[in-house]
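For reference, the structure discussed in these notes is given below.
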Amino acid sequence: MISRLGLLLCTLLTATAQAELHPLADDSLSDVSGQGGVYLSGEFSINKEGGPLWSKPASTNAATWTVGERSCATKGSTTPENCGMRLAVRSEAAGGWYVLDNIKGIFSFEGLTLRTRVINSGFAGDGAGFNRDVLEFGLPNEVKFKDGSFAFAVANQGGWRNSAGTVANGGDASYQQTNIFSAKIDGSIRMQGNVLVFPKN
Amino acid sequence: MRSLLPLLALLSVASARAEMVALDDGEMSKVQGAGFGFVLENILLDAGQSTITINDITNGSGQNVPISVKEFYLGAAGSNKGANLNPVTTGRLAHPFALNLAKGEDLRSLRDDGQWVQTTPNNVAVLELTFPERLSTGGNACIAGFAGAGNNCSSRAAEKIDMGVRFDFQVAAGRTDVINIDIGELAMDGSYLRLWGDSARAQMVGEARLNIFAKTLEITSCASGTLNCTSAAELAARTIYLTNSYANVALGYGKTQPLLLDVTSNGQFVLELPNPLAGASTAAERNSRASEFYANAPRTNVVVDNLNFGGARSSAGVAPTGGYNFGSNEIRGLSFNYLKATSHDL
């Protein structure tokens, strides 16, 4: 099987080689310079309608949730809400977990740029001595958020369990999660400028 | 598999034309674990048009106390508390923000007496996030016109930033408590966070230094334009003014007292600075560890050259007149022998 695959690859290689590639002359090469870069604008939505892990229950009372149900509504609210993405990290062999929970929302931006640039002047006199290439991330002038949210928490297990539910409903009374804080973001944030990245030695 | 080999050989011949030359030993020895530098060019952040709410902080009855984040901005110095925002370039090409991966024995920290000392243990790979560095020679004033904060910052006057944020605590229906913070001419040179794995503890440990140099810092307890907070005099009466203030907060001494940020196995947060002598079995070892710790562990300093409640500044950056002047306040040379803070569910 492998030898046949090798034969096929060789054939393909031969087929492409027939296009007769000519080497570029030195002066043609010297005309080529890295130009342009990338300009991105877009909108993306994360877990706006909930993720695959949990579906939205009918009530905010955790004791009534069945297997696969979870609401991430703010404490005190009576309207259930979908839950976003969950990211859990454990930094100690026998310890608990740091959790970024309920990450969701719609983000849109216009004009995120990525390109390289030579810096050999400016920067209040620092540029001339620097004289190197940098990678330039141009921030979009405005980032719009709609129902963006996340929560920072600590927990004794990486995966979420319903500590208030009955065992029959997938509950686990030993599960402990403490939300340190959570945040919600709506509206637009002005974010302008460039982030210049370069190797340091 | 054998028939793939000619193909690979063919490909390697094609690429060999680029003529790679092997590094000799002398060149190899110059290669060190280095990282990436970051410079923020013409940066401006303004979240004035957005609604940011922080939840899950509860009162004594377990009810959520929403905190609205308002008037968040970051821009060039001289912004007049965010009223006149301009972009700022912070971090210098020669002294940038950096993300490094280095050996513990190669990292150095600046001691208060100006000596650079090793604080991280040997034979560990350390991930380090640093702010623009402090310099041994040729530095700039960390706070303009205040020599007490030192002249070893790499950031120049134009690279300092103004930033501010206002928190509105919706304590109860109809009552909102406000904390409005505005910082002028901020530099954070010499701050760093270092993280590595401690195999004996089987966890991630670290050490951190947070340096804050600010020409002015103002904390106001009301929102401009609201009841009893409309005139300049009413606003000033609810303001705490700090002038020429700096803090060097040192958390952890990697060799014997690393900073431990734990989550316990029952899901509670623990911040710990262990006893540097823990685990030393003999008196000689305890003595040598203690003298090493006292000689080299970075200290925490908090200095406020002028603290004033109420009153008004005659011009930007000048200590206010009027109100109550609490003069100069300092905490110097604070060293943590042991610290352990644990969260508990209420």
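The values are calculated or read from the model by the stated rules, or taken from the named source; none is laboratory data. No experiment lies behind these values; they were computed from the predicted model shown. Cβ sites come from the backbone with ideal geometry, for glycine too, and all protein chains shown count toward neighbours.
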Checked against (1) surrounded by fewer than 20 Cβ atoms within 10 Å (Cβ to Cβ); (2) free of Cβ contacts under 8 Å to residues at least 60 places away in the same chain; (3) in a loop (DSSP other than H, G, I, E, B); (4) of a type outside the set (Phe, Trp, Tyr), residue B:105 satisfies every condition except (3)
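Which one of A:182, A:174 is in a strand (DSSP E or B), on the phi < 0 side of the Ramachandran plot and at the interface with another protein chain (Cβ under 9 Å from one of its Cβ atoms)? Outline the logic, then answer.
Numbers: A:174 fails: in a strand (DSSP E or B).
Exactly one of A:182, A:174 is in a strand (DSSP E or B), on the phi < 0 side of the Ramachandran plot and at the interface with another protein chain (Cβ under 9 Å from one of its Cβ atoms), namely A:182.
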Which pairs do you get when a residue that is touching a residue at least 24 places away in the same chain (Cβ under 8 Å), found in the stretch B:133-147, comes within reach of a residue that is in a loop (DSSP other than H, G, I, E, B), reach meaning Cβ atoms under 6 angstrom, with the pair 6+ apart or on two chains? B:133/B:95; B:133/B:154; B:134/B:152; B:134/B:189; B:134/B:190; B:135/B:152; B:135/B:154; B:142/B:150
Given the criteria touching a strand residue (DSSP E or B) at 6+ places or on another chain (Cβ under 6 Å), within 11 Å of another protein chain (Cβ to nearest Cβ), under 30 Å from residue B:157 (Cβ atoms) and surrounded by fewer than 20 Cβ atoms within 10 Å (Cβ to Cβ), does residue A:137 qualify? yes
Scan A:24, A:12 and give me the residue that is at pLDDT below 80, under 30 Å from residue A:117 (Cβ atoms) and of a type in the set (A, V, I, L, M, F, W, C). A:24
Kindly indicate whether residue B:213 is in contact with a strand residue (DSSP E or B) (Cβ under 9 Å, 6 or more places away or on another chain) and modelled with pLDDT of 95 or more. yes
When residue B:183 is run through (1) β-branched (Val, Ile, Thr); (2) part of a loop (DSSP other than H, G, I, E, B); (3) crowded, with 19+ Cβ neighbours inside 10 Å, the failure sits at (2)
For residue A:167, state whether it is out of contact with any Pro (no Cβ under 7 Å at 6 or more places or on another chain), free of Cβ contacts under 8 Å to residues at least 60 places away in the same chain, more than 8 Å from chain B (Cβ to nearest Cβ) and surrounded by 18 or more Cβ atoms within 10 Å (Cβ to Cβ). no
Does any residue in the stretch B:41-70 that is among the acidic types (Asp, Glu) and assigned to a loop (DSSP other than H, G, I, E, B) come within less than 8 Å, Cβ to Cβ, of a residue that is crowded, with 17+ Cβ neighbours inside 10 Å and at pLDDT 90 or above six or more places away or on a different chain, and which pairs are these? B:56/A:151; B:56/A:182
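Which of the following residues is more than 8 Å from every other protein chain (Cβ to nearest Cβ), part of a loop (DSSP other than H, G, I, E, B) and farther than 25 Å from residue B:75 by Cβ: A:102, A:82?
Being more than 8 Å from every other protein chain (Cβ to nearest Cβ), part of a loop (DSSP other than H, G, I, E, B) and farther than 25 Å from residue B:75 by Cβ holds for just one of A:102, A:82, which is A:82.
Looking at B:99, B:74, B:85, can you tell me which residue is surrounded by fewer than 16 Cβ atoms within 10 Å (Cβ to Cβ), within 11 Å of chain A (Cβ to nearest Cβ) and either in contact with a Leu (Cβ under 7 Å, 6 or more places away or on another chain) or at pLDDT 90 or above (or both)?
That would be B:99, the only listed residue that is surrounded by fewer than 16 Cβ atoms within 10 Å (Cβ to Cβ), within 11 Å of chain A (Cβ to nearest Cβ) and either in contact with a Leu (Cβ under 7 Å, 6 or more places away or on another chain) or at pLDDT 90 or above (or both).
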Show the residue pairs meeting these rules: Cβ distance below 6 Å; 6+ apart or different chains; first residue within the stretch A:134-161 and part of a strand (DSSP E or B); second residue acidic (Asp, Glu) and buried (at least 21 other Cβ atoms within 10 Å of the Cβ). A:151/A:101; A:153/A:101
Qualifying position, being closer than 30 Å to residue B:116 by Cβ and hydrophobic (A, V, I, L, M, F, W, C), among B:227, B:235, B:251: B:251
Of the residues that make up the stretch A:85-101, is at least one over 22 Å from residue A:44 (Cα atoms), of a type in the set (D, E, K, R), over 19 Å from the mean Cα position of the chain (by Cα) and modelled with pLDDT under 90? yes
Considering only residues that are more than 27 Å from the chain's Cα centre (by Cα) and surrounded by 13 or more Cβ atoms within 10 Å (Cβ to Cβ), look in the stretch A:62-74 and name the one that is nearest to residue B:57 (Cα to Cα). A:62
Restricting to the stretch B:276-294, count the residues that are in contact (Cβ under 8 Å) with a residue 12 or more places away in the chain and either in contact with a Gly (Cβ under 7 Å, 6 or more places away or on another chain) or surrounded by fewer than 17 Cβ atoms within 10 Å (Cβ to Cβ) (or both). 4
Of the residues in the stretch B:186-222, those that are in a loop (DSSP other than H, G, I, E, B), among the charged types (D, E, K, R) and touching a Lys or Arg at 6+ places or on another chain (Cβ under 7 Å) number 1
Condition first: of a type in the set (Gly, Ala, Ser) and at pLDDT 95 or above. Now tell me which residues in the stretch B:159-189 satisfy that. B:164, B:184, B:187
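Here's the yes/no breakdown for (1) out of contact with any Asp or Glu (no Cβ under 6 Å at 6 or more places or on another chain); (2) under 21 Å from residue B:299 (Cβ atoms); (3) surrounded by 15 or more Cβ atoms within 10 Å (Cβ to Cβ):
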site: B:137; (1), (2), (3): yes, no, no
site: B:148; (1), (2), (3): yes, yes, no
site: B:162; (1), (2), (3): yes, no, yes
site: B:210; (1), (2), (3): yes, yes, yes
site: B:221; (1), (2), (3): yes, no, no
What is the residue count in the stretch B:251-272 for residues that are in contact (Cβ under 8 Å) with a residue 60 or more places away in the chain, crowded, with 22+ Cβ neighbours inside 10 Å and in contact with a strand residue (DSSP E or B) (Cβ under 6 Å, 6 or more places away or on another chain)? 3
